[in-house]
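Single-structure report; data block below.
Nothing in this text is a laboratory measurement; each read-out follows from the coordinates by a stated rule. These numbers were taken from a predicted model, which means no experiment stands behind them. Heads up, the Cβs are rebuilt from the backbone with ideal geometry, glycines too, and the neighbour counts pull from every protein chain shown.
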Amino acid sequence: SSELMKGKRGLIMGLANDKSIAWGIAKACADAGAELAFSYQGEALKKRVDPLAAQLGSDVIIECDVADQESIDALFSTLQQRWGKLDFVVHAIGFSDKNELRGRYVDTSPENFRVTMDISVYSFTAVARRAADMMPDGGSLLTLTYYGAEQVMPHYNVMGVAKAALEASVRYMAEDLGKDGIRVNSISAGPIKTLAASGIGDFRYILKWNELNSPLRRNVTIQDVGNSALYLLSDLGSGVTGETHHVDSGYHVVGMKAVDAPDI
Ligand code: NAD
């Protein structure tokens, strides 16, 4: 615990349970003294999110389906009334039909392409615009991406295309909002077993492959992601914007399986 985030208020979007990347980030921020608000998707998740938020001393828990622009408006008007100002936002949200997270990308349906792009890409832009209005003294916005944006990964398919667009949107928004002292970054996390990840075909194999072949020879945890998020969300990251920061045990630098890496 430290004083790094003392006096800062942040919104965490995308908490589903205690395996969520959003939870690792929320804990790191709360441990450093931040005051947190949470948004969750749908009544079904409320019973999971309420006790987790309470654990971190938060009672600002607001429903928001990012597929619905009015729901995003309602979230920010509630926050405006509660807090007035905001220092940071974490967007840990992604969605695609799991039937299309296997097989061939080329078979992606137009409907799932649209929904995947809307929820996994546009929602961060929609949130950023509203958050920026509550950041008169600057702030920090963070989203989550994956290496499948840069290189072809098995089964990632339309989600890889969406993450590439998400990373590009981070760069454009860094320019748009930089003059107002608002930084926009993403963390490219290595594979972690979460609810969303369980929809990806052969995910256990992908986890094992990364563990055996990344420079650190282990998978990352939500604590690892939380630690790096803290750097980007706090004043430690004051000179960093438009960045895709890899928190993946170094996997993205590997060009070929190491000679000493065992077969799976
Ligand atoms: P998770 O299932 O815990 O979180 C995904 C969240 O997205 C859930 O809370 C869900 O409610 C929310 N969501 C989906 N559709 C929504 C909507 N319409 N409105 C509001 N919320 C919605 O899984 P996670 O792995 O923690 O995912 C968080 C982010 O991290 C995602 O963007 C994911 O792509 C990214 N990511 C995950 C991994 C991994 O291996 N787990 C790796 C890199 C990046």
> What list do you get for Met5, Met134 if you sort them by fewest beta carbons within 10 Å?
Replying inline: Met134, Met5
> Taking only Cα atoms, what is the 0 to 90° angle, nearest 10, from helix 21-31's long axis to the longest principal axis of the chain?
Replying inline: 50
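What is the chain's relative contact order, in percent, from Cα pairs under 8 angstrom and six or more apart in sequence? Write down the numbers at each step before the final one.
Details: 504 pairs, mean separation 51.1, N = 264.
Averaging sequence separation for qualifying contacts and normalising by length gives 19 percent for the chain.
Can you list which of the trypsin sites (Lys or Arg not before Pro) found in the stretch 156-218 are DSSP loop residues with at most 16 other C-beta atoms within 10 Å? Write down the numbers at each step before the final one.
Numbers: sites: Lys163, Arg171, Lys179, Arg183, Lys193, Arg204, Lys208, Arg217, Arg218; in loops: Lys179, Lys193, Arg217, Arg218.
Filter output for the stretch 156-218: Lys179, Lys193, Arg217, Arg218.
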> Any idea how far apart Arg48 and Leu216 come out in nm if each label point goes 7 Å out from Cα toward Cβ?
Replying inline: 2.4
>> Assuming 0.36 nm per residue, please report the length gained on full extension of the stretch Leu195 to Trp83 beyond their Cα-Cα distance.
In response: 37.3 nm
> Considering the chain as a Gaussian network with a 10 Å cut-off on Cα pairs, which listed residue, Asn213, Asn227, Asn99, attains the greatest mean-square fluctuation?
Replying inline: Asn99
>> In whole Hz and in residue order, list the ³J(HN,Hα) couplings for the stretch 46-54 that follow from phi through the Karplus curve 6.51 cos²θ - 1.76 cosθ + 1.60, θ = phi - 60°; x for Gly and Pro.
In response: 4, 5, 7, 6, 3, x, 5, 4, 4
> Of the residues Val121, Val247, Val152, which exhibits the maximal mean-square fluctuation in a Gaussian network model of the chain defined by a 10 Å Cα contact cut-off?
Replying inline: Val152
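Which FRET efficiency value, to the nearest 0.05, do you get for Val152 and Glu111 by plugging their Cβ-Cβ distance into 1/(1 + (r/R0)^6) with R0 = 22 Å? Can you show the working numbers first?
On the way: r = 23 Å, r/R0 = 1.05.
Efficiency, rounded to the nearest 0.05: 0.45.
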>> I need Val254, Val127 ordered by Cβ neighbour count within 10 Å, fewest first.
In response: Val254, Val127
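How big is D, in µm² s⁻¹, for the chain by Stokes-Einstein at 4 °C and 1.567 mPa s if Rh is the Kirkwood radius over C-alpha pairs? Before the final figure, lay out the partial values.
Values: Rh = 18.7 Å.
Estimated diffusion coefficient is 69 µm²/s.
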> Taking only Cα atoms, what is the 0 to 90° angle, nearest 10, from helix 222-233's long axis to the longest principal axis of the chain?
Replying inline: 50
> Where does each of Asp65, Asp137 land when they are ranked from fewest to most other beta-carbon atoms within 10 angstrom?
Replying inline: Asp137, Asp65
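Can you tell me how much longer the chain between Glu3 and Asp118 gets when fully stretched, taken as 0.36 nm per residue apart minus their C-alpha distance, in nm with one decimal? Don't skip to the end; give the middle numbers.
Working: separation 115, 0.36 × 115 = 41.40 nm, distance 3.67 nm.
Fully extending the segment from Glu3 to Asp118 adds 37.7 nm.
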> Any idea how far the Cα center of the stretch 38-60 sits from the one of the stretch 179-222, in Å?
Replying inline: 24
> Any idea what the relative contact order of the stretch 107-214 is, in percent, if you count C-alpha pairs under 8 Å spaced at least 6 apart?
Replying inline: 29
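Determine the alpha carbon to alpha carbon distance for each of Lys46/Lys257; Lys179/Lys208; Lys8/Lys46; Lys6/Lys98; Lys27/Lys257 and list only those over 31 Å. Intermediate results must be reported in sequence, preceding the final value.
Working: Lys46/Lys257 43 Å; Lys179/Lys208 43 Å; Lys8/Lys46 24 Å; Lys6/Lys98 40 Å; Lys27/Lys257 34 Å.
Exceeds cut-off: Lys46/Lys257; Lys179/Lys208; Lys6/Lys98; Lys27/Lys257.
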